1. Which ranges mark the strands (runs of 3 or more DSSP E) fully within the stretch B:158-268 that have 2 or more residues being closer than 28 Å to B:E80 by Cβ?
2. Among (1) more than 14 Å from chain A (Cβ to nearest Cβ); (2) at pLDDT below 90; (3) out of contact with any strand residue (DSSP E or B) (no Cβ under 9 Å at 6 or more places or on another chain), which single condition is B:M227 missing?
3. Here is a list: B:T342, B:T358. Which entry is within 14 Å of chain A (Cβ to nearest Cβ), β-branched (V, I, T) and in contact (Cβ under 8 Å) with a residue 40 or more places away in the chain?
4. When you scan the stretch C:260-311, how many residues do you find that are modelled with pLDDT under 85, more than 21 Å from C:H213 (Cβ to Cβ), outside any strand (DSSP E or B) and charged (D, E, K, R)?
5. Applying the selection to the stretch B:409-431, what residues are in contact with a helix residue (DSSP H, G or I) (Cβ under 6 Å, 6 or more places away or on another chain) and either part of a helix (DSSP H, G or I) or free of Cβ contacts under 8 Å to residues at least 24 places away in the same chain (or both)?
6. Report whether or not B:D394 is surrounded by fewer than 13 Cβ atoms within 10 Å (Cβ to Cβ) and not assigned by TED's automatic domain parsing to the domain that holds B:S211.
7. Just to verify a result, which residue in the stretch B:273-291, among those that are within 11 Å of another protein chain (Cβ to nearest Cβ) and closer than 14 Å to B:S424 by Cα, is surrounded by the fewest Cβ atoms within 10 Å (Cβ to Cβ)?
Amino acid sequence: MRKTPLNYFASLAAVGIIWFFVAVPLGNYLGENVVLETLTTEKFLDWYRIVLGGAALVGWISCVYWFFYGTREANAGNMKGACRVWNFWFVGELIVGVITMAVFVYLYLAEALALVDYAVIAMGASLLTWAFFWLCTWIMSPHAVMYCVLGRR
Amino acid sequence: MHHRRLLSIALVLVTAVGTVSCHEKKAAPPVQLHDSEITIDGTRGQGRLAVDVCLDATPSMWGFAHAQDTVYLRLLDELEAVVQNGFNAASVRYFKFGQTIRRVERPEFKLARTESFYREPGMFKDTDIEKVFTRDNAVAAEGSDGDRIAIIVTDLFQHDRDINVVTEAIRKNCLSHNCSVGILPILSQFDGLVYDAKVPAFPYRSGAGESTFRPFYLLMFGDQNRMQDLVSVLSSKDYVKRDRFLLIPPRIVTHYTIDIRKAPKEDGRSLNAVTSTGGAGTFAFAVKKNATGGALLANVTTALCAACPSFDPTKLEFVAFSTRQQRRQETSDLSLETLDATASGLSAKLRLSLNGGTGEYPYELVFRTGRLSPFLVPSWVDSLSSDNPTSAHDSTRTLNFRQFVERLLNADAALNQPPVAKASLLVKKLG
Amino acid sequence: MSNLFYIGIGGTGARVAEALVHLCAAGYGPSDLFLFLVDPDEGNGNLSRTKTLIAKYQDVRRRIKDRAAGVDLFRTNIVTPDPLVWTIFSDQNMALSRYVGLSNMKLTDPALAQLAEVLFSHEELNTALNEGFRGHPSIGAVVMARPDETRDPWKTFYDQIANLTRPGDAKVFLVGSIFGGTGAAGVPTFASEKLIKYHKTASIEEGKLSKVHLGGCLVLPYFTFALDVPEAERQRMHVTPSDFPLATRAALQYYALRKLNFDDVYLIGDSLQDGRVGEFAPGAARQDNAPHYIEMASALSALDFFARSEPGMRPTANYFTAARAGDEITWSGLPVSRSAANIKQEQDRLRYRVVTSTLFFYSLCTYGREALVDSDISRQYWYKENFQLRIKGNDEESVRYDPRGSTQRDVLDRIASYGELFLEWMGRIHEHPQVKLLDIRKVLDAELRPLTRAQAPRGIGSLVGGREATFDAFIQDLDSVGELRGNLAAATAADKYVSLYGLASSRYARTRLDVQAPEGN
């Protein structure tokens, strides 16, 4: 699972599966429970799924870049630099998660979503951004850089 | 005499409508109210337009013919030409009525400018408008398959007690048969005796100005679209004021828009809008689990037909029908909480209370005029009406004209409850 | 117990021994080898260097217990007697006259004494021999004819031969220069009938057969040196390059006439013009000639001799000659086998072993040492999979998982120290412009010390001509090795370290430098 390009495809499958579970069952739960003032439930879910899809795409691209980076010869012996890169992308994914939530807040500003609804959405966004990046790099990083992942150091 | 005249008018009306209805006999309003049954159906009949002009041949009408070159005489002269010029293949028949009614040919109709026309024995003593409704029961035998409008030319005097009779006749013979009533006042010079008054008949002669003219009326019965067309054609004449044409039809709305949303904040907490698969006018909501419903806000804008009476929005009626399992029945799941007029139309707050289990609940929501005096009498009616015209006061006005119009409007409301807007609503109850 | 014996005679014998030891360190040698040297010049720089090298080799080999399959560094068990060197004389100021007891002889046997005075000049009789025989093999022949069999190194040598039983079981290889002094005297002397071949411990059926298969490498002139003889030396005996051709000719004539008991003789040499190996020095520490590829070729002849498998004895000796065919010394020009069918395979094997061992020692001396002090190494995959960064208190754990611990670090330092000698040796060989085996200067500085990774990021990948690779690629290959399993899982940290770098070197040679291991290697 750590070999290229197997990890590219495996991470794509993983993000697809996670997106599915966040978008469909969790989305349906939200659709049935959130209070909407102006949007139809379908419109709410459309935005929900599209924005999360975008976040998932960014998460996957981050993973792919990391996998590519880890296989490059020039990075094999530079652990300090490699770990800096991982930290950078992880923080970047945290920011993506925050931006995703900001987008949701903006889209749903006129609606009457409760804090718990946003918490659920935040959980979904996290699973597709920083948590996904962390998990994927934990499992699928190339050997050369696998110990740069937080928790494995 | 007045009583009998009113009764006659009523009978004429009944006959006219009955005649019209014979040809265009529509059933009672259908059970299913489709959108086309909310708005006025703008299609016209393909056949020839037939106009029956029924002239009141009682002495009170002689005052309109006595003066020279009155508007009344001009109308009588020009009516046929106007109709035939304005409509292809239109035909005009003439009737004179009073105590009785008989058809006359044009040459005799032209004698309406002579006093003898108004003194025909067996006819002149009374104006029995009801007779108009029985004028010719063999309409179908004439072979006419076009629309037919009956025009009663009369000065419409009536007493209080006769208003009911005439109104009832019109209700029975016209309004209840999906037939519309049209009232078009025409001011004309007058030189004669005014009979429609609570005081004895008094002489009156008009001066040069129109303010001294007295009104006579074209009371019309038939299809509202044909009537509007006829009035449009007649309005080419300067003495016809189109803005004084009042139509009392079974449907008053040319088009409408309706938008239903859930009420904001707490009122709509348990509801969420869902995408509706129907077209315009269809809405869908989902009721959350363990909830029974919530408040909905409906915004309605309507466009009334030009001559139709406007209505008091607060007197609109709301009714909801459940259409579950292919059956349509009135339901109390939805009720009207408030109804307000807005700058653009109406705003209604509806309350959905759904106690059933999980599933889909389809409804039809209808806004219609209430049964009790929802219509507003046009202001020009008051300018022609008086409850006690005398030679010194309101001499150019018609006795109780307003009450007459009011009762016709109320009869139409009570009988037809013209619909204003309709919506289809689908409620999904989540479990 | 080894049945392979190497006897290096004189300075050349010592330098060839040096090359042989390095080839053994590279994994090209046999599984066991008994080795000793003969040189009266105990302070000879060549000898000292070789002695030090052998000691380091044995020390390193002793400390490496386990290694991964395919990592054959320090494979050969080099056994040496104590002392390693037969210095011939115990007295440092021994002269020939005193050795033969000329003074006494004059009294007891004056005729013999006079014969001695006729055969040897006054200088020959009275020059101290502690710096060798100064190019007079006749002196050496006298003093080396009767080694003391009761004392090492000869005692152990003869004891081991005595333990063998079949003809040709023992393969004894002599190496010495054909010119000069010690070698020129020792080679024919040791090749005489009774000294080794048909010595009482080696003789079978009363001298009809021998347990010993005797081979010899006579190294022909291959170097010159600056003839800047100090004034003090001009009056004393010394060899000059101009003496070489005559000395060589004389020696060859002698060998042709004399019945020597070699089964195989290798004659190896090079032209003189480009063979400078250092400055003039008559002997002792001052005689420290730089390594030459001919010494490697001579070591290869020893290994070829040891590898022969023909049983029994042949009626006639085999003569093998090898010389430089063209201007350049490449892998395909090195003499590696007497069998034409094996030459290519053996050259490939030699190349593979030398390249991988060069990679191993270079990477160990540079990145391997860096890794032992760099704290970021804990995130490096190859390190993380096999070692732990901080182990406190538990000695057994520390030995197995902490190459930075004092004991393991010491082992690795010793290996690196040997590696530096190996790299320097390779560098010296390549100082000769014709030598084109490796582009060794890409990884060594002017003093032949290893360049760091930062100084030469691509050096390691340029060792083999026509190839380009980086040090980062080597680290990738280290990562590719992954976690060492099997018997290595319980090995010491130093052993694991060696195996990791050995396997990575092998992989790097094969995949990046296209130096393939022949089948069965």
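1. Details: elements: B:180-188, B:191-194, B:202-205, B:214-222, B:246-248, B:253-262.
Per the criteria, B:180-188, B:191-194, B:214-222, B:246-248.
2. (3)
3. Details: B:T342 fails: within 14 Å of chain A (Cβ to nearest Cβ).
Every option except B:T358 fails the conditions.
4. Step one: of the stretch C:260-311, the residues modelled with pLDDT under 85 are C:260, C:269-290, C:308-311.
Of the ones still in play, those that are also more than 21 Å from C:H213 (Cβ to Cβ) are C:269-290.
Narrowing the set further to residues that are outside any strand (DSSP E or B) leaves C:269-275, C:280-290.
Then drop every residue that is not charged (D, E, K, R), which leaves C:270, C:274, C:286, C:288.
Adding up the residues that qualify gives 4.
5. Matches in the stretch B:409-431: B:A411, B:D412, B:L415.
6. On the way: surrounded by fewer than 13 Cβ atoms within 10 Å (Cβ to Cβ): no; not assigned by TED's automatic domain parsing to the domain that holds B:S211: yes.
Spelling it out, it is not the case that B:D394 is surrounded by fewer than 13 Cβ atoms within 10 Å (Cβ to Cβ) and not assigned by TED's automatic domain parsing to the domain that holds B:S211.
7. B:T277
Results for (1) of a type in the set (D, E, K, R); (2) in a loop (DSSP other than H, G, I, E, B), shown as yes or no for each residue.
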| residue | (1), (2) |
| --- | --- |
| C:V336 | no, yes |
| C:Q345 | no, no |
| C:R351 | yes, no |
| C:S363 | no, no |
| C:S398 | no, no |
| C:L423 | no, no |
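The values are calculated or read from the model by the stated rules, or taken from the named source; none is laboratory data. Source: prediction; values computed, not measured. In this analysis, Cβ positions are derived from the backbone assuming ideal geometry, glycine residues included, and neighbour counts consider all displayed protein chains.
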